[in-house]
Every structure is written in C-alpha cells, then in structure tokens.
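The values are calculated or read from the model by the stated rules, or taken from the named source; none is laboratory data. Since we're looking at a predicted model, the values are computed, not measured. Every residue, glycine as well, gets a Cβ built from its backbone with ideal geometry; the counts of neighbours run over all protein chains shown.
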Amino acid sequence: MEDDEVLISHDVVSLSTNIPLAYSLKVLRERLERDKSWSHKTLPDVDDVMELLEFILTTTYFCFRGQIYRQKFGAAMGSPVSPLVANLFMEYLEQKLLDTAPMELKPRLWKRYVDDIFEVVKKSSVEGLTEFLNNLDDFGSIKFTYEMESEGKLPFLDLLIIRKDSGTVNLHKYTGNRLILTST
C-alpha cells in the first residue's frame with residue numbers, strides 16, 4: 001500500500017429489505033436470457049422461473065403481536081431466495097461502479113462478500129466514493145456506510161486487517177476471543 005492510501009470497508013444498510021425487487025427481477029431475467037445453456041440445465045423456461053420468483057418475493061406475510069402484515073418492499077429476511085437476489089443486485093451495482101466511477105474514485109482493491117466490501121482507496125477519495133456508491137441505485141433505497149482503518153487496523157467479517165509500516169498487510173482471524181496470524 002502507498003502512503004496516500006487507506007483501508008476501508010463499506011456495508012449496505014439493511015440490504016435484503018431495501019432491494020428494489022422489480023428492478024432486481026429485471027436484472028435476473030436479463031442474466032438468465034443471456035445464459036445460452038439455460039435450457040440444458042433445467043426444464044422450466046425463463047418465464048416460468050421468473051413467475052415463480054416474483055410470486056415468492058412479492059407474497060411475503062408475517063405476524064407481529066397477533067397482527068398479520070404484508071411486506072411491501074425488499075426481499076424477505078429468512079427467505080431462501082432472498083440472498084440470491086440480494087447478491088445478484090449487488091453484483092449489478094458493483095459492475096455499474098466499475099464501469100462508471102471516475103478514475104480518482106475507483107478503488108485499487110475491491111473485494112465483496114454479499115454487502116460487505118473491503119477496499120484500498122486514496123485517502124482523499126473516501127467521501128467521494130461513498131457518495132458515488134450512495135447514488136448508484138437509481139431508486140435511492142440502497143445506502144452504504146463505511147468504516148476506515150484506525151491505527152492501521154480494520155475489522156472486516158471475521159478478520160482483523162493490520163497495515164504494516166512496510167506497506168504490506170497482515171490478516172488475523174478471530175477464533176473465540178483471540179487472534180491468530182493467518183496471512184501476510
């Protein structure tokens with residue numbers, strides 16, 4: 001890492017319940033239609049799969065204090081298909097970022113696990129990148145927060161990433177209440 005770079009992580013606020021479902025289904029349909037091997041993998045055609053997905057994702061009911069409610073936006077927490085749709089929508093946003101971000105905002109390193117993103121960026125671009133990310137979603141429902149390294153350390157998922165004076169990083173994995181060096 002260079003002296004003018006910083007470790008940051010971005011996270012989406014309540015990803016599943018903020019996914020624009022209609023647009024996510026459109027993105028999913030386009031991906032399935034581009035997949036020329038689809039008909040060799042399964043019997044249902046794209047229209048059948050899309051009809052089933054729309055039904056599963058838009059007929060979400062839950063009970064709270066004896067009252068039955070219908071979820072009107074986003075994907076249901078706990079639904080087996082929600083993580084798939086969330087990840088595909090995040091993949092779409094990620095590609096949009098890589099295609100459209102100005103060079104001065106593009107991260108030198110970008111590693112994403114669903115809605116948790118680890119990045120190496122210029123110190124001067126952290127706020128601008130976050131603002132750019134928060135405007136990627138045309139519907140305004142997906143919002144990112146970020147955490148920046150502190151004293152050369154950044155927690156990310158079950159790791160503690162430690163920046164060394166030499167510009168290298170060490171990855172430490174949490175096991176119980178102790179850290180174990182796993183990679184340099």
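Val81 - would you say it is more than 20 Å from Leu157 (Cα to Cα) and in contact with a helix residue (DSSP H, G or I) (Cβ under 9 Å, 6 or more places away or on another chain)? Working first, answer last.
Working: more than 20 Å from Leu157 (Cα to Cα): yes; in contact with a helix residue (DSSP H, G or I) (Cβ under 9 Å, 6 or more places away or on another chain): yes.
The answer is yes for Val81.
Check Leu109, Leu157, Leu133 and return the single one that is more than 30 Å from Tyr61 (Cβ to Cβ), crowded, with 19+ Cβ neighbours inside 10 Å and aliphatic (A, V, I, L, M). Within the list Leu109, Leu157, Leu133, the selection yields Leu133.
May I ask you to verify whether Tyr92 is surrounded by 12 or more Cβ atoms within 10 Å (Cβ to Cβ), among the aromatic types (Phe, Trp, Tyr) and at pLDDT 90 or above? Even if it seems obvious, please write down each step before you answer.
Details: surrounded by 12 or more Cβ atoms within 10 Å (Cβ to Cβ): yes; among the aromatic types (Phe, Trp, Tyr): yes; at pLDDT 90 or above: yes.
Answer is yes for this residue.
Looking at the range 1-18 only, could you name the residues that are within 17 Å of the chain's Cα centre (by Cα), at pLDDT 90 or above and not in a strand (DSSP E or B)? Scanning the range 1-18 gives Val13, Ser14, Leu15, Asn18.
Could you say whether any residue in the range 81-89 is modelled with pLDDT under 95 and among the polar types (S, T, N, Q)? Steps first, answer last, please.
Within the range 81-89, the first condition is being modelled with pLDDT under 95, and the residues that meet it are 81-89.
Filter once more, so that each one left must be among the polar types (S, T, N, Q): 82, 87.
Within the range 81-89, one or more residues are modelled with pLDDT under 95 and among the polar types (S, T, N, Q).
Tell me, which residue of the range 129-165 that is touching a Phe, Trp or Tyr at 6+ places or on another chain (Cβ under 6 Å) and either of a type in the set (Val, Ile, Thr) or part of a loop (DSSP other than H, G, I, E, B) (or both) is farthest from Ile8 (Cα to Cα)?
From the range 129-165, those touching a Phe, Trp or Tyr at 6+ places or on another chain (Cβ under 6 Å) are 130, 133-134, 156, 158; that's our starting set.
Checking which are either of a type in the set (Val, Ile, Thr) or part of a loop (DSSP other than H, G, I, E, B) (or both) leaves us with 130, 158.
Values: Thr130: 10, Asp158: 15 Å.
Within the range 129-165, the match that is farthest from Ile8 (Cα to Cα) is Asp158.
Checking each residue in the range 113-130 for being under 21 Å from Leu25 (Cα atoms) and surrounded by 12 or more Cβ atoms within 10 Å (Cβ to Cβ) picks out Val114, Asp115. Whether any residue in the range 6-20 is free of Cβ contacts under 8 Å to residues at least 60 places away in the same chain, exposed (fewer than 15 other Cβ atoms within 10 Å of the Cβ), more than 30 Å from Lys164 (Cβ to Cβ) and not polar (S, T, N, Q) is what I want to check. There is no residue in the range 6-20 that is free of Cβ contacts under 8 Å to residues at least 60 places away in the same chain, exposed (fewer than 15 other Cβ atoms within 10 Å of the Cβ), more than 30 Å from Lys164 (Cβ to Cβ) and not polar (S, T, N, Q). Residue check: Ile117 meets all listed conditions (1) in contact with a Phe, Trp or Tyr (Cβ under 8 Å, 6 or more places away or on another chain); (2) of a type outside the set (Asp, Glu); (3) without any contact (Cβ under 8 Å) to a residue 12 or more places away in the chain but one, namely (3).
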